[in-house]
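Notes follow once the structure below has been shown.
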Amino acid sequence: MSPKHIDTVPEFMEITKKDGKKEKISRRAVAPYNFVELPDRVVEAEDLPSGDRYHLNRHTGRIECTLTTESPLYIRCGLTTEEFQDPKKEAKDLPDFFYTDPKSKSEKPVIPGSSLRGMLRTLIEIASFGKIDRVSDEHRLFFRAVASNPEKESWGKEYKTYVEPKKVKAGYLKKDSEGWYIQPAKTEQGATFAWVRETSLKLPDFKKFNDDKYELRYISVSYGSVAVDNTDRAKRLFAHNVELPDTYPKKGVVVTSGNMKQGNEPSPRRNHCVVFDESNSTSPKQRLDDKAIEHYRNALTDFQKSSPFNKDWGVLEENRPVFYCPPEKGKNIVGFFGQSPNFRIPYSPEGNGHATTVIDFIPKDLRQLDSIDLADAIFGWVKKESKDDKLPQGFDKQRAGRVFVTDALYHCAQNRIWYENSPLTPQILSGPKPTCFPHYLVQSEEDNSDAQPSKLKHYASQPVEETVIRGHKLYWHKGSNPNFKLKKVIGSTKPVSGTQTTLINPVNKGVTFKFDIYFENLSKVELGALLWVLDIARDNRYRLKLGMGKPLGLGAVKIEYKLYESDLQKRYTKLFGDNSNNWETGETLKENPDYQQCFESYIVQQFNYSGDFNNLCRIQMLLAMLSWPGPENTEKATRYMEIERDIAKHHIGKPVKQNDKTINEYKDRPVLPNPLDVMGITLTCDRPSPSSPSSSITQETKLFVEGQEIEAKVVDIQVQEGKKLKTTITYEIQGSDCLAKEDVYKRTIYLDINDIVKVSIVKAKGESIRTVKLIQGRFIININASNMESIALPTLPSHQERSPSG
């Protein structure tokens with residue numbers, strides 16, 4: 001069983017300061033999102049049916065759905081051909097809600113079927129204990145923890161292990177036929193670089209930290225001497241008399257760094273670095289690890305892509321000064337490097353400079369490429385192989401789904417269609433920050449129940465063994481009237497620019513849409529999984545989430561439905577319905593179906609669990625995330641934390657100084673509680689052990705009995721002419737380890753190879769069906785009948801007016 005998150009994160013914990021005084025620090029974080037915990041193992045799907053026929057022991061039909069918006073909803077429309085060809089047009093500045101008919105886009109908004117399908121698949125994947133394999137392994141994780149205390153903060157200890165001031169060296173980047181390497185700089189007093197105070201630099205046109213047009217630069221210089229500054233807290237080496245290159249015999253390069261300015265506040269930086277001149281060519285080359293270079297390039301920030309760095313290679317440029325951690329004694333491969341002494345380093349559990357990714361923190365058995373879960377079985381799949389992950393020979397790389405979702409068409413509105421009469425600008429949201437490990441990684445109840453900073457797990461912790469990702473990320477509801485208009489940039493004090501803002505035109509709450517879900521050849525378990533999600537969607541205690549702006553509370557929807565099942569025999573033996581000129585669809589309204597119970601039973605039996613499905617912790621957390629209207633006091637409980645939070649508002653933590661007006665809420669690394677903890681629900685749910693499924697699980701049966709009716713495929717027909725007309729039909733039956741036969745006398749059989757028929761078992765033993773009798777086919781006509789008619793099978797569309805998406 002993988003590590004589990006803290007049951008109840010404490011509000012505060014008490015620490016002892018350097019002066020011996022006690023202080024309380026906040027431990028509970030807040031966020032507009034939370035996570036449904038990982039399953040302990042994947043529940044795999046039942047045996048899949050062939051896709052070339054309708055199976056009589058499976059279910060085909062339609063679900064008629066009515067969707068009502070419970071909060072404003074927005075789904076952006078794609079660009080038209082003209083808009084795409086216009087270089088001045090950007091999607092973010094085109095606020096139209098999705099539509100299919102340009103002439104009626106203001107009166108008839110449309111919800112694309114692909115959006116609905118994606119929402120349903122995600123929820124079925126969670127509810128059915130599906131795998132997590134759609135996670136990128138390309139984004140590498142790096143961090144910096146310069147000001148952290150290694151004795152009190154686990155991530156600081158990890159950083160100081162590599163980027164400790166006395167360990168960091170400087171040199172110059174070179175490249176040869178074998179790749180990149182570092183030529184070390186000359187050594188003075190055991191160091192390869194020294195600090196220099198900005199106020200002592202005597203260089204023309206030098207831009208200082210607080211100048212408006214400050215920029216990073218590499219400046220060739222000379223200097224008079226270096227000495228340890230005993231007034232410096234860290235007793236660092238400083239260079240003196242740093243001037244133009246020809247002034248002194250000692251040469252070097254001044255390397256400036258980011259000024260860390262926040263708004264109108266002055267820069268906290270005071271010093272730059274002087275990298276000493278190159279050592280002679282006989283000094284051993286320090287080779288850069290190729291994999292570390294690959295991971296470094298993959299994780300370049302916008303800062304590392306801007307001037308004077310290369311947008312593809314960052315600091316990697318021949319003859320450029322670079323800082324690095326020397327390799328262990330006896331080795332010459334460098335894994336940690338960067339453009340300043342306090343450079344970002346990869347989260348590297350192996351300590352070799354190879355950066356970890358989020359996918360490393362997902363147990364392998366939850367992301368097996370050849371594992372087929374219920375979501376795959378229902379919606380289909382496209383498998384993408386990699387050099388490290390291959391499919392077994394004969395495994396289908398892709399398979400079509402058996403559920404088709406139409407676009408949802410506008411039906412009516414309680415008040416008006418649109419939220420406002422004109423487009424508006426929503427609050428600005430930045431991208432996800434997975435490196436915020438107190439939110440995104442499990443902090444173990446077993447190891448750290450009080451969420452101590454010194455014990456927090458991070459991305460350099462041992463993956464899976466010590467921690468895993470929190471699970472499936474979902475967003476809280478924020479009631480029917482969320483506050484989502486632009487006031488300020490969430491999590492930033494920088495002024496808003498036109499490149500950050502966007503225009504949207506959301507539909508109002510209380511707007512109704514209608515759509516259909518068509519399904520083919522679903523088992524009771526598969527249909528039950530789909531209906532289980534739809535039952536939640538119509539329950540007044542819950543709502544689903546759809547569209548853009550989920551962190552702001554947009555996209556809450558309610559769905560009501562009716563289930564219609566198709567009687568395929570009825571559908572294909574009659575052209576028109578009774579007393580009607582309409583097509584015979586064979587549809588029957590199915591009220592109070594029990595398929596949901598079949599689904600729940602299937603899941604719990606996979607764990608040999610005798611309790612109620614809804615008592616499983618994973619399901620309880622899912623229901624908590626879907627609860628309507630959301631947690632109490634959403635402005636406090638489901639907001640984004642801020643680096644500069646106004647202390648006049650609800651805030652987490654304490655100001656550093658008495659007169660501070662803002663606070664960095666992330667400073668003490670508070671931990672995000674689980675969804676039940678946020679809702680104030682005591683965690684009493686069950687986590688059954690990930691044992692093998694019970695042998696009593698209701699799969700498609702493998703044992704057959706005489707008299708049993710079953711579906712069969714015609715694979716051969718042999719007619720023997722003579723005194724007696726004899727036709728031998730050979731059938732293939734799923735689950736039988738041999739072909740079955742039937743002899744028919746004195747009758748003409750109107751069957752074709754590959755026809756699907758229903759037969760009754762005449763002779764069977766175990767998994768072998770030997771003899772059967774046809775009870776349902778296309779046409780069986782007695783050749784002695786005096787009045788024979790030619791009957792044509794009508795050709796009907798698979799579904800009338802069907803417009804599937806995905």
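Beta-bridge orientation, the chain: approximately 95 percent antiparallel, per DSSP, counting only bridges with both partners inside. Here the relative contact order of region 709-782, from alpha carbon pairs under 8 Å that lie six or more residues apart, stands at 32 percent.
By the rule of a C-alpha distance below 15 Å, with chain neighbours fewer than 8 residues away ignored, the aspartates and glutamates paired with residue 661 are 265, 642, 644, 646. Using every pair of separate Cα atoms, the Kirkwood estimate puts the hydrodynamic radius of region 217-322 at 16.4 angstrom. Spin-label model, residue 164 to residue 648: label points 7 Å out along the Cα-to-beta-carbon direction sit 4.7 nm apart. Per the Debye calculation on region 551-654 with a single equal scatterer at every Cα and no solvent contribution, log₁₀ I(q)/I(0) for q = 0.12, 0.20, 0.22 Å⁻¹ amounts to -0.77, -1.10, -1.18. Cross-link pairs exceeding 25 Å between alpha carbons, from the set 570/590; 167/291; 152/208: 152/208.
Checking the cross-link pairs 24/649; 157/654; 285/455; 157/649 against a 27 Å limit on the alpha carbon distance flags 285/455; 157/649 as lying beyond it. The label-point distance for residue 144 and residue 267, in a model that sets each label 7 Å from Cα toward Cβ, rounds to 1.3 nm.
Listed values for region 222-229 are Karplus-derived 3J(HN,Hα) couplings in whole Hz (6.51 cos²θ - 1.76 cosθ + 1.60, θ = phi - 60°), namely 10, 8, x, 7, 10, 7, 6, 8, and x replaces Gly and Pro.
Peptides 328-334, 339-345 ordered by packing proxy, namely the average of other Cβ atoms within 10 Å per residue, highest first: 339-345, 328-334.
Taking other Cβ atoms within 10 Å as a rough exposure proxy, 613, 379, 336 sort from fewest to most as 613, 379, 336. Straight-line cross-link reach from residue 397 at under 18 Å between alpha-carbon atoms covers these lysines, not counting any fewer than eight positions away in the same chain: 131, 383, 384, 387. Evaluated with a Cβ-only charge set (Lys, Arg +1; Asp, Glu -1), region 186-277 carries a dipole of roughly 200 debye about its Cα centre, given to the nearest 20. By the rule of a second cysteine Cβ within less than 4.7 angstrom, the chain holds isolated cysteines at 65, 77, 273, 325, 412, 436, 598, 738.
Would you kindly derive the ³J(HN,Hα) couplings of region 199-210 from the backbone phi angles with the Karplus curve 6.51 cos²θ - 1.76 cosθ + 1.60 (θ = phi - 60°), listing them in order in whole Hz, with x for Gly and Pro? Couplings: 5, 9, 6, 10, 10, x, 6, 7, 8, 8, 3, 8 Hz.
A straight chain from residue 18 to residue 368 at 0.36 nm per residue would run longer than the Cα-Cα distance by 121.1 nm. Based on DSSP H segments of at least four residues, each scored -39500 (n - 2.57), the chain has a per-residue ellipticity at 222 nm of -3500 deg cm²/dmol.
Label-to-label distance, residue 686 versus residue 206, with points set 7 angstrom from Cα along the beta-carbon direction: 7.2 nm. Excluding residue 229 itself, what net charge comes from residues whose Cβ is under 10 Å from its Cβ, given Lys and Arg +1 and Asp and Glu -1? Spelling it out: positives minus negatives among the neighbours equals +3.
Assuming R0 = 41 Å, can you tell me the calculated FRET efficiency for the pair residue 573 and residue 93, based on Cβ-Cβ distance, to the nearest 0.05? It comes out at approximately 0.15. Just the projected area, averaged over all directions, of the convex hull on the alpha carbon atoms of region 349-428: how many nm²? Its average projected convex-hull area is 11.6 nm². Extents of region 709-782, taken as max minus min of Cα coordinates on every principal axis and listed largest first, are 37, 22, 17 Å. Leaving out same-chain residues fewer than 8 places away, which lysines sit with a Cα under 19 Å from that of residue 250? Leaving aside lysines fewer than 8 places away in the same chain, those within reach of residue 250 are 169, 186, 202. Note on region 186-277: Kirkwood radius taken over Cα pairs, Stokes-Einstein applied at 20 °C and 1.002 mPa s, translational D equal to 157 µm² s⁻¹.
If I compute Rg and Dmax of the Cα atoms in Å from the structure I just sent, which labelled value in (1) 33.7, 121; (2) 33.0, 127; (3) 27.4, 91 lines up? Structure-derived value, by its label: (1). Footprinting exposure proxy ranking of 727, 100, fewest other C-beta atoms within 10 angstrom first, gives 100, 727.
Every read-out reported here was derived from the displayed coordinates using simple, explicitly stated rules and does not represent laboratory data. None of the values given here were measured: they were computed from a predicted structure. We place every Cβ from the backbone using ideal geometry, glycine too, and count neighbours over all the protein chains shown.
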